[in-house]
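**Student:** Quick one: the structure is below, questions incoming.
The values are calculated or read from the model by the stated rules, or taken from the named source; none is laboratory data. Note that this is a predicted model, so its numbers are computed, not measured. All Cβ positions, glycine included, derive from the backbone under ideal geometry; neighbour counts span all protein chains shown. Please note that ligands, DNA and RNA were not included when accessible areas were found on the heavy atoms of the full protein model with its side chains. Shrake-Rupley method; radii C 1.70, N 1.55, O 1.52, S 1.80 Å.
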Amino acid sequence: MKYGLIGEKLSHSLSPDIHRIFFELTGKKGDYGLFELSIEELQPFLLNASDKGFKGLNVTIPYKKKVISYINELSKEAMKIGAVNTIVPGNMLKGYNTDYYGIDYTLRKYHESFYWDRALVLGSGGAANAVITYLEDNKDNEFNEEGIDNADKKDNIDYKKNKDNVNKIYLASRDKIAAKNKFPHANTVSYDEIADYSPFDIIVNTTPVGMFPSVGASPLTKEQINGSGFLFDLIYNPAKTRLMELSDELGIPNVNGLYMLVAQAVKAQEIWNGEEYGQDLVDAVYLRFLGERA
Ligand code: NAP
């Protein structure tokens, strides 16, 4: 079976190794290739993909939004996020967003509670869109719907008094106005204003700040994260970003983006094969991948 990733610059992609490990662990036969396409090549490639024997395609920068105009049927997550990273080829192209599931799997595994009251998302690009959609879908509904807080906050009078203090997504951007236009429901803040709203239950970094080779850089200072509950950095190279190191120094639990990358790949395989694999297989692919890189 043929599978592949389409995008513009793909030489550093980890996806072929992740899918190879998936094939090895499940005993399925498959080849996962990289296809660097120009914008002119995009539509013909998609329309001919089924005839050329492709069973599944992934999509990355800069085509996650652009492919939508060629898709006949969009999943509910892809529609909400406005981006597609997984396609089922055929006469009717179907588009999905499995980054959403990568976020879900990561927070369920590494975060004690996947509910949150106050979230800070850094950056306003494509990944922020998936993160914000996910966070909005997983608000602290118990508090919202019943007017009571969940067990561990029940006696916290400040929380009860101030209902405005819950279910807030703060979005930090270098350009607050532009970010507000992209995310009208988020509370956009400049980096200078973050201290006015901290601490947060969860901070998610969707900027490339701290990514290889700029490994010493951090989008936030130690003071800005002090007191927050959890950090999810979507970067996976390096495995420990400077922002994660600062979190460690403060005792804030944190995770990088590798598990998300593996989980979104396994979810894509579920869609292409019409089967369910679940977290055990995500764990197995993740551990094998880490082992090979050690
Ligand atoms: P993107 O569309 O380019 O967006 C990144 C956002 O970060 C920008 O919109 C910008 O927001 C902010 N930003 C960019 N350069 C910055 C800088 N020098 N300083 C501060 N902020 C900056 O990229 P993306 O597709 O969302 O990806 C973002 C990151 O997430 C990348 O590191 C990518 O590798 C990672 N990612 C990981 C996974 C995974 O599976 N782990 C999946 C997707 C993406 P403002 O202009 O509003 O400041």
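**Student:** Residues of the range 216-229 being open to solvent by less than 70 Å² (accessible area, probe 1.4 Å) and either out of contact with any helix residue (DSSP H, G or I) (no Cβ under 8 Å at 6 or more places or on another chain) or over 12 Å from Met244 (Cα atoms) (or both), which ones?
**Tutor:** Across the range 216-229, the qualifying residues are Gln224, Gly227, Ser228, Gly229.
**Student:** Take the range 258-277 and flag every residue that is in contact with a helix residue (DSSP H, G or I) (Cβ under 8 Å, 6 or more places away or on another chain) and within 16 Å of the ligand (Cβ to nearest atom).
**Tutor:** Leu258, Tyr259, Met260, Leu261, Val262, Ala263, Gln264, Ala265, Val266, Lys267, Gln269
**Student:** Among the residues of the range 85-105, which ones are touching a strand residue (DSSP E or B) at 6+ places or on another chain (Cβ under 6 Å) and within 13 Å of the ligand (Cβ to nearest atom)?
**Tutor:** Asn85, Thr86, Thr98
**Student:** Out of the range 236-254, which residues are within 13 Å of the ligand (Cβ to nearest atom), open to solvent by 10 Å² or more (accessible area, probe 1.4 Å) and of a type in the set (A, V, I, L, M)?
**Tutor:** The answer is Ala239, and nothing else.
**Student:** Related question: Might you check whether a residue that is open to solvent by 20 Å² or more (accessible area, probe 1.4 Å) and under 17 Å from the mean Cα position of the chain (by Cα) occurs anywhere in the range 261-273?
**Tutor:** yes
**Student:** I would also like to ask the following. Can you tell me which residues in the range 192-215 are open to solvent by 40 Å² or more (accessible area, probe 1.4 Å) and either near the ligand (Cβ under 8 Å from one of its atoms) or part of a loop (DSSP other than H, G, I, E, B) (or both)?
**Tutor:** In the first step, residues of the range 192-215 are kept if they are open to solvent by 40 Å² or more (accessible area, probe 1.4 Å); the result is 192-193, 195-197, 199, 201, 208-209, 211-215.
Once the filter is applied, which keeps residues that are open to solvent by 40 Å² or more (accessible area, probe 1.4 Å) and either near the ligand (Cβ under 8 Å from one of its atoms) or part of a loop (DSSP other than H, G, I, E, B) (or both), the range 192-215 yields Pro199, Asp201, Pro208, Val209, Met211, Phe212, Pro213, Ser214, Val215.
**Student:** Condition (residue is more than 23 Å from Asp137 (Cα to Cα) and open to solvent by 40 Å² or more (accessible area, probe 1.4 Å)) applied to the range 95-117: is it met by at least one residue?
**Tutor:** Taking the range 95-117 and keeping what is more than 23 Å from Asp137 (Cα to Cα), we get none.
Within the range 95-117 (the criterion being more than 23 Å from Asp137 (Cα to Cα) and open to solvent by 40 Å² or more (accessible area, probe 1.4 Å)), the answer is no, since none of the residues qualifies.
**Student:** Right, something else. Counting residues that are surrounded by fewer than 21 Cβ atoms within 10 Å (Cβ to Cβ) and at pLDDT 95 or above, which strands (runs of 3 or more DSSP E) fully inside the range 13-88 reach at least 1?
**Tutor:** Working: elements: 31-36, 54-59, 86-88.
Ranges flagged: 31-36, 54-59.
**Student:** Also, quick follow-up: In the range 226-278, how many residues are part of a strand (DSSP E or B) and under 19 Å from Thr98 (Cβ atoms)? Walk me through how you get there before you give the answer.
**Tutor:** Narrowing the range 226-278 to residues part of a strand (DSSP E or B): 231-233, 254-255.
Remaining after also requiring under 19 Å from Thr98 (Cβ atoms): 232, 255.
Here the count works out to 2.
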